[in-house]
Structures are given as C-alpha cells and as structure tokens.
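To keep things clear, I will list the structure first and then write my remarks on it.
Values in this text are rule-based calculations from the coordinates and carry no lab data. Quick caveat, the model's predicted, so the values are computed rather than measured. Backbone-built Cβ (ideal geometry, glycine too); neighbour counts: all protein chains shown.
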Amino acid sequence: MRTSIAKTSLRLLGVSVAMFGFGFALVPLYDVFCEVTGLNGKTSNQAYESVGADVDRSRTIKVQFLTTNNDGMAWQFKPTIRELRVHPGELAETEFFAKNPSASAMVAQAVPSLVPFNAAEFFHKTECFCFTQQTLAGGQEIMMPLRFIVDQDIPKDVHTITLAYTLFDVTSKASPRVAQAN
Amino acid sequence: MSTTTADHHHGPAKGFSRWLYTTNHKDIGSMYLWFSFAMFLVGGTFALVIRAELFQPGLQIVQPEFFNQMTTMHGLIMVFGAVMPAFVGLANWLIPMMIGAPDMALPRMNNWSFWILPFAFTMMLSTLFMEGGAPNFGWTFYAPLSTTYAPPSVTFFIFAVHIMGASSIMGSINIIATIMNLRAPGMTYMKMPLFVWTWFITAYLLIAVMPVLAGVVTMMLMDIHFGTSFFSAAGGGDPVLFQHVFWFFGHPEVYIMILPAFGIVSAIIPTFSRKRLFGYDSMVYATSSIAFLSFIVWAHHMFTVGMPIAGELFFMYATMLIAVPTGVKVFNWVTTMFRGSLTFETPMLFAIAFVILFTIGGLSGLMLAIAPADFQYHDTYFVVAHFHYVLVPGAIFSIFAAVYYWLPKWCGNMYDETLGKMHFWLSFVGINLTFFPMHWVGLAGMPRRIPDYALQFADFNMVASMGAFLFGASQIFFLFIIVKTIRNGKPATDDVWGDSAEGLEWTIPSPAPYHTFTTPPVVH
Amino acid sequence: MFSSALPLRLATNVALLFCALSSRAWAADGERFGTNMTPGVTETSRQIYDLHMLIFWVCVVIGVAVFGVMFYSIVMHRKSRGAKAAQFHESTKLEIAWTLAPFVVLIAMAVPASQTLIQQYDSSEADMDILITGYQWKWKYEYVGEDVSFFSNLSTSRDEINNVEEKGEHYLLEVDKPLVIPTDKKVRFLITANDVIHSWWMPAFAIKQDAIPGFINKAWAKVEEPGIYRGQCTELCGRDHGFMPVVVEAKSPADYDAWLAEQKQEAADLAKLMDQEMTMDQLMKEGKTVYQRSCAACHGMNGEGGVGPAMAGSPVTTGPIEKHTDVLINGVSGTAMQAFGGQLNKLELAAVVTYERNSWGNNMGDKLQAIDVHNQMQGTN
C-alpha cells in the first residue's frame, strides 16, 4: 500500500514538473506557430536568402509603410516613401529615416508587424534595420535600409500589404553598450 | 455495506496545536472550509466596494486607481481563496468517507498544503498597504500592464500565486493518490460516487495546469527583474503569448471550479428525488469529455486579439462542442427529478437553483462562443453576467448545498430548516438582482472593469448594487446559521436524510467519529 | 439629472425591474432602457445582430424546454402530492439521442456564424486607411497618406465626474475631437498601441479589436448612415481605462472631403501661427487649456501634484527653461512622465511651458515661443 502511494505521488509530481517545463516550451512552440501561420503578422527576423525566382509581372502588390513610436520614445522615425508598388519576386528597396533628438545616446529596436496575416510568410526581408538594435548618439540622424521580396506564391486575394514598425526605446536594457558608444 | 467505527484510537489533541499539527482529514477539511469562508467574506467585501462605487454614475467612494485594485483582488481572492479551497475542504472531508478510506493517502503533506495557504493570502492582502498599492491589472493580469507598467507589489503577488499553486498541486496529488490506492474492497471506479469522480478528474486538471500558471508568473518575474523579454515586443517577445499561456491555464481553471459542483449536485438531487441518479455512466463520460475539451478552447477568451481566421473558426467550433457534454449533464439531472418523489429541503433548493441558473450561464456561454457575435460581447458586462452566473449560483451555490447536506454528518447537529430556506431565498433573489441586469447593460454597451459609466446604464447598475448588498448580507446570516447549528442544533440521525441518500458516509454515526473506516468496509 | 430624490429613484428602479422581468415590455422598450445589442449601421453589424438574436432565441427555446420539464416535475412529482418515485435510472437510447440532437442545433448555428466571420475578416480593397493608436488614456487617429493626425481625449469635465457639476447627456462618451470618416466608403482601421494593450470598440460598426504594442491589427467598416457613434476602450489599460471613449462621426463623402480640406488648412494655419510671436496673455490662455487637458490629471488642477510631482515650486518649472522644455518633449525615462513631443504641437508645448512657469506662485516671468520649441527639437539652439 505505502509503496503504491509513493509511486503514484512521485509519478504525479513528475507530471507537474513536466507541465511547468511545458509552460516554458510554449514560448518557442508559439514562435514556430506564429511564423508558420503569420499569427500577429510576425515576420521572420532572419535575413532571407534569395533563391532568384522569376518575377511575376502580371501582378502588382501595394506595400504600405507605417511607423509608430512606443511609449516614451522621443526619436523621429519615418518611412521616406509611404508606399511602393512591387511585382511578386522582385527585389525592392526603401529607406527609413530616424533621428535621436535628445542630448544623449539612445538604443532603439524596431519591431515589424504586417497585415493581412496571411501575407506574413510570403514577405521576405533580405535586409532590415529591425534585425539589430540601432544606437544613435544625441542629435544623430540615420537612413536605414529595408530590402524585401514579395513571394510569387502570395495568395491571390492579397493586393495590399501594410508593414508597420514600432520603435521601442531599449536604452536601459542595452546600457553597457551605450556607455561604450558615448 | 458494513460499518466500521474506530473507538480504540485516541481523540484529537487539545488547543491550537491540534489544528497546527493535525494530519486528520476531517480537521484539515474543516480548516479549509473555514478559511475559504473567511476569504469569501473578504472577497465579497471587495465586491461590495465595487458595487458601492457603481451604485450611481460619477466617482463617489473610491478613485479609479483603487477601484482597479478592488476588481483585481476580488477576482484573485474569490477564485484562489474562496472557491478552490472550499472544494478542497469538501474533498478532504468527504472523499475518504465516500470511498471507505481511513484518511487521505498523504496526511502530512495534507497538513502542509493547507497551512501554506494563510501565508499566501496574507502576502497577497498585504499588498493593499504597500506603496503603489495592490495589483491593479485584473485577475487575468495581462502583460505589459502587469509587467512593465505594474506597481512594485507585483513581486509579492507572483510569490503568493506560486505558494497557492504549490498548495493546489500538493492537494491534488493527495486526492489522486487517495482515490487510486485507498478505495475499500469492492469500490470499483464505476461504483465511486460522482463527487469522487469529478474531483478525481479535477485533480488531474489541476496537476496539468497549475504548473503552467506557475510558469507564466515565473516568466513575468524574469521579465520584471532579470531583463528577459518573454512578453515584451521590444526584446523579441510577445504580449499575446502571455494571453495564450495564461488561458491555457485559465480555461481548465474554470472547469476546476465547476466540476466538483457537478459531483455535489449529482449526490443531492437523487436523495431528495428519492430516485437513483439517471445516467451515471454518461455523467462520468461527460465529465471526462468536458475536461478534455477544456484544453483546446482557451483562445475563445481572445477572439478580438487578432487571430487568423482559421484559429477563430477552430476555437469557435471546439467551444460550441462543450455544449454537448454539458447538455447531457443537465438533461440527466432533470430526468432524475422527473417522476421522482420530490421534497425541497435547503440542499435541494440550492441544487435546483444550481441547475437552473448554471444552465442560464451555460446558454450565455454558448452565445459567447459564437466568434462574430463575441466581437460585440467581449469584455462587456455580458461576460461579467455570464461567468458570475456559472460561478456564483454554480460553484458557490453548490458549496452551500454541500454544507447544508453534509453538515449534520460533520457536526452531528441538524441545521434549522426555516433559517436555511430563508438563507436560500435571500441569496437567490440577491444574486439574480445583482447579475441578471448585467446581461442588459453589457449588451447595451457597458465595458467591464470601469469605475464610472455613461448615464444610460445608471438604472440597472443601481439595481445590481442593491442585489449585491442583499446577497452579501445573506452570507452573514449563513454564518449565523452554521454557528447556531454547531452550538445547539438538534441532534441528527446517523443516516440524516433517510434511506434515499446513497453512500458510505451515511453508514457511520453522526457526528462522524474522529477516525473512520480504520478497517475498510466491504462494498457489494 | 442626478439631483432627484434617491428614494424615489430606488422605488422606480425596483418597479422597473419587475416590469422588465414580468413582461416582454423590455423588448419593445429595449432602446430606452438599453437592454439589447444595437443593430448598428454597417452590413456586418446587422448580420452580427441577426446572429445574436438567432442564438438568443435558440437558447430561449432550449431553456423553456429544459425548465418546462423541470417545473413540471417540481409541481407534479412532489412527495407532498403523494408522488411515488419511479425506478428507471438509465436509457441508452435517450442518452444517445440527447447527445446527438445538440449537434444538429450547433451546426445550424455554426454555418451562419462562419459566414459572418469570413466577411468580417475581408478587409481587402479598402478605400482609405486610418491608423489608430491607443495611449494611456486617449486615442490617436492618423489618416494614412493625408498628413492629418490628432489625439482624441475625453472632454467630460473633472467636475462632472466628481459630481460637482451636473452630468451632460453624453457623460463619459464625448471627446474633444472625434474620428471623422466618410459614409459609403470602405474604411480600413489599422490598430496598434503605444504602451499597454487597449481595445477599440465601436458597437455601431460591430468592431472590437485589441490594440497591442508592437503589433498591428485590422478591421473595416462601410458606414451607411451619417451620424455620431459612441463606444469605449474595452481592455483594462490602467487608471483611466473607463475614461477613454471612442467617438466616430460619419459624414457624407462631400462633407468629409470638406472636413479633410479644413484639417489641412488648419495645419497650414498652425504652421503660420508658429512663426508668429505670441503675447504672454495668449500663451497663458492657451497654456491653461493644454495644462487642464493633458497635465492636470497627474499634476493637479492647481499644480499641487497628485500621481505626479507638484508643479508649483518644482525645481523643473522654476529651473532652466531648456531643461523644463526637454522634460516635456522627451519625458522622463523610467517614470510615468511621457514624451509629449509627439502628442502636443509646438505651439501647445510652448504655451504650457510658459503657463507652468508663471502660475500658482511660480513667477519666472519668461516665456517660450513655438519657434523655440521647434529649434530645441531640431537640436539647433
């Protein structure tokens, strides 16, 4: 009797420890899930290796660019053009302007988000300022490039893609490196 | 069935040390029940602060900052402090007696799982006096309001949640170990009373999801203090991830608070209908299906978060499916009453009210499951009405019913039937006055968790507040009835409800001796 | 409106409730007492309303059937009437039947629900886009591609909320500047947030979409009737969650175009105004308005402080003017002090700095012009 109680209890304890681990495992699982389904308009944060496929000139996709500053972020941050018309498969390029108007160095992280969600997995960035954090000294300005390809396999019902960047102030988290930059 | 009463054992120790060191399931059950009642009054007081502020439009009694602390603490205390410990208390008292076991399988751990609770809740309540105030982000504590924008007391909130989670997990391990190993000879699984069955399933749910809750608050702790970015978009995390992990815990949690209630009602209705429970087997299967479905419907709490349409459709269909096993249960209860020989003692009144009002809550739940319509219902008072209908006349009424039903067995005295019925009618009128108008203001456009509202909602809010104070006052009356019963109620008979009540607990004397079934009974 | 005798109102309310419960009068009077969802002014919102009513009546029918059997038993099968209990306690056929029957009902509900949802999600081919950003505790509306953007704040006065003044008709549901959209055009809303999660709810369009920092959500509406529509934030977002209404004014396309042109003209006028020298009186008057709208909630109506530090005699408001302006433009990292540089225009910033330095006993005597703010923001002074 006592051993079977001990056995049951240990097994259940094992289950609860495993479920604690499962809670954490949900984090990477969720990321994979998001990337596959385009949930939240998350796009890959890895540079896309171009495969050099054909350009589909029969279709034109309007790509809109939007920018938002998160709480307390004082930078000026704007796309240089509001929208581009591209053919699927074509490499397109644009630039974003950023300026740190404050007196001291700051670090920023841009977070992309895209609608419609079902276009997210067909929007490939070959180069993006959002892949890394951006450090600007007080008063410094920068033009930040974005290069992307809209996949030829993008669903037929997608005619407009809206790409929004939110700029976060991450200076306090990245402070050792800013100290270096200063 | 045979009756075995131990008389060669020593009785309980005297004084406070009896309660501090006790490993007796009956003592621990009583402590859980008294503790949960105290928390019920505390959480209820918070609710009355909310209702007092909402009595009229404009800010009168509290400021928005404190109002948010009240909604948060009300939810946390009621869920983790009142409903869950009350069910654990009932499990402690009843499961060993129902399956013919001498005690719980792990009595020392049982003592621990109770005694860490008062510490958790002292810590939780102490946040009210801290600088920056208590947690103010709702009991669902969505990031980043609960991380980047939280008051400093959030750390204490996290530790309190850890402790109560540990308590629940220990309690559940104990319950499963007891049910699996200590059943009397002949007590097969399909002969167990439904209360034991529903708790067996509930305990598995708890073991599966309480660790996930512990995980999510640990991630919050790391985001707040150790610079990780689980829930912050700036560092590559995602605030929506918080909601997914939280509701992965949260939806099964909802069933944790209702499945034991199904068990209680399934014991009481047959007794007072003088007829066996209809469809015992389908009750067991329905409970298991509800438990299983509870793991795949969580995102119906997040229909407006911006999910791909495939996700919306999946969670809508899965949620609608829950109506099927829940319907089976309601039909079984009604059929049990059909062509019975009904009497209406207090436990039966609460059980009947449970079936009616829980069904109303279930039907509004079905409406909420319809994703497109949920875009209008979500986060309005319609939702508040819905979940209070399943939790107050659901979980709370079932606990009242259980207390009236088994109290004579516990303390050996019969409660006063007239007073019990008064308590029922006051509570019944009170909760309907409180929560029914909330359906209307919700549909008409009143969002939840707001300290002040537009003028067209004024009339129904006033009615709801009056109902809330009536319901609150009736619970003080309930306390009076219980104390009166324990002190000088009429002695109860051993079988209490006559021969229509089934179960081993009615074969032992009233009050139940300190030690029961030291030699297991034989179940035929 | 709320000065009338309380006991009388209590009595009417109880009476009202009994009327509502005892008859179907509430259905006809639904509008007056606010007991039901609004059908709204878009095709989607009407479909959702119909869906809602359909499920509601299905639920009523189920409820009547179940409770009917139950009350029949309660009345007819009571022991006091001498009822003897039957012995049956299972019936496989019956149990299978009532497991399967609900499926049929559920499928009947799932079909129209899925159709409505698919339509709701189809935001392609929109005529115009509006970016909506949730802030603690206001909304920002940005007309994408039009250079028009503004904040929409609650305009109900603190005195109304604190029961000093009588409450107006649209208490808590009124803003200083509503979102204006054209009717008969497919307007796409892109929704995000600046700080915590908010949720933008417009019942008349059946749109409720969470605004999440770092992510963008979408919804759309094609409004059929001009009018002013009111809603609220529906995700707990901190202290003033109950005080950030959503107000949308739908105008006919022609009126909308005129409005948009006016907005652009105003922006141009403002730019011109910013080049002008303002007098101390003008700055103080404008500054007071801005202060009461954007600062008083934290710093007190009379600069006495509250959630935020006192402004009267503070080292910031009585210190160097550049530092004071910097705090206002860029906020104070790690505190509740936001960066107002993106939320107020340069004229407003200049005015409020001037006002704070010369009110409540602060007597710095200096003033700031819009051009000074502009220069400081460009970092050229």
* To do: Once every Cα of chain C carries one equal point scatterer and solvent is ignored, give the base-10 log of I(q)/I(0) from the Debye formula at q = 0.10 Å⁻¹, two decimals.
  => -0.84
* **Pairwise FRET efficiency - residue A:4 versus residue B:522, Cβ, R0 = 22 Å, nearest 0.05** => 0.65
* To do: Ignore the peptide's own chain and count Cβ atoms of other chains within 10 Å of each Cβ in C:65-73; give me the average, rounded.
  => 5
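For peptide B:361-368, what's the mean number of Cβ atoms from other chains within 10 Å of each residue's Cβ?
On the way: counts 0, 3, 8, 3, 1, 8, 7, 1.
Per residue, the average neighbour count from other chains is 4.
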* Computed FRET value (nearest 0.05) for residue C:304 with residue C:252, which takes r as the C-beta separation and R₀ as 56 Å -> 0.75
* Stretch in chain A that is longest and holds no trypsin sites (Lys or Arg not before Pro) that DSSP places in a loop and that have at most 10 other beta carbons within 10 Å -> A:58-155
* Structure fact -> Output field shielding_mean for B:330-337 (other chain Cβ, 10 Å radius) holds 6
* To do: Among the aspartates and glutamates, select those whose C-alpha is under 20 Å from the C-alpha of residue A:173, and discard any that sit fewer than 8 residues away in the same chain.
  => A:71, B:223, B:238, C:195
* Asked: When chain C is treated as a GNM, springs tying every alpha-carbon pair under 10 Å, which of C:76, C:53, C:284 comes out with the largest mean-square fluctuation?
  -> C:76
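Dipole magnitude of the protein assembly as shown about its Cα centre, charges +1 at Lys/Arg Cβ and -1 at Asp/Glu Cβ only, in debye to the nearest 20?
On the way: 67 positive and 84 negative charges, 871 e Å.
Dipole size: approximately 4180 debye.
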* Structure fact -> From the Cα centre of segment B:461-519 to that of segment A:108-136, the distance in Å is 62 Å
* Point-to-point label distance, residue C:162-residue C:124, nm (Cα→Cβ direction, 7 Å offset) -> 5.5 nm
* To do: Determine the alpha carbon to alpha carbon distance for each of C:185/C:251; C:140/C:222; B:490/C:79; A:99/C:218 and list only those over 18 Å.
  => C:140/C:222; B:490/C:79; A:99/C:218
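When only DSSP loop residues count, what chymotrypsin sites (Phe, Trp or Tyr not before Pro) in segment B:164-233 have their Cβ near at most 15 other Cβ atoms within 10 Å?
On the way: sites: B:189, B:195, B:197, B:199, B:200, B:204, B:226, B:230, B:231; in loops: B:226, B:230, B:231.
Those satisfying the criteria are B:226.
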* Structure fact -> Under the 7 Å Cα-to-Cβ spin-label approximation, residue B:62 and residue C:67 lie apart by a distance in nanometres of 3.2 nm
* To do: Using only Cα atoms, find the angle between the long axis of helix C:6-22 and the longest principal axis of chain C, and express it within 0 to 90 degrees, rounded to the nearest 10.
  => 40 degrees
* Asked: So what are the three principal axis dimensions of chain B from its Cα atoms, in whole Å, longest to shortest?
  -> 66, 49, 46
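How much length is gained if the chain between residue C:269 and residue C:184 is pulled fully straight, taking 0.36 nm per residue apart and subtracting their Cα-Cα distance, in nm to one decimal?
Working: separation 85, 0.36 × 85 = 30.60 nm, distance 3.04 nm.
Contour length minus Cα-Cα distance gives 27.6 nm.
Once you sort the root eigenvalues of the Cα gyration tensor of the protein assembly as shown as a ≥ b ≥ c, which label holds: rounded (a/c under 1.5), prolate (a/b larger than b/c) or oblate (the other case)?
Details: a/c = 1.82, a/b = 1.78, b/c = 1.02.
Prolate, since a/c reaches 1.5 and a/b exceeds b/c.
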* Taking Cα atoms, how many degrees apart are the long axis of helix A:2-37 and the longest axis of chain A, rounded to 10 and kept between 0 and 90? -> 10 degrees
* Out of B:75, B:351, B:94, whose Cα points farthest toward the positive end of the dipole of chain B (charges: +1 Lys, Arg; -1 Asp, Glu; placed on Cβ)? -> B:94
* Estimated translational D of segment B:259-374 in µm²/s (Stokes, Kirkwood radius over Cα pairs; 25 °C; 0.890 mPa s) -> 160 µm²/s
* Structure fact -> Burial-style ranking of B:471-478, B:172-179, average other-beta-carbon count within 10 Å with highest first, yields B:172-179, B:471-478
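Of C:167/C:208; B:329/B:484; B:275/C:93, which ones are farther than 31 Å apart at the Cα?
Numbers: C:167/C:208 27 Å; B:329/B:484 35 Å; B:275/C:93 20 Å.
Beyond 31 Å between Cα atoms: B:329/B:484.
What's the FRET efficiency of residue B:470 with residue A:58 using the Cβ-Cβ distance as r and R₀ = 51 Å, to the nearest 0.05? Walk me through the intermediate numbers first.
Working: r = 71 Å, r/R0 = 1.38.
E between residue B:470 and residue A:58, to the nearest 0.05, is 0.15.
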* Within the protein assembly as shown, what percent of beta bridges assigned by DSSP are antiparallel, to the nearest 5? -> 75 percent
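Calculate the dipole size of chain C relative to its Cα centre from +1 charges on Lys and Arg beta carbons and -1 charges on Asp and Glu beta carbons; express the result in debye to the nearest 20.
Numbers: 32 positive and 44 negative charges, 427 e Å.
The calculation lands at about 2060 debye.
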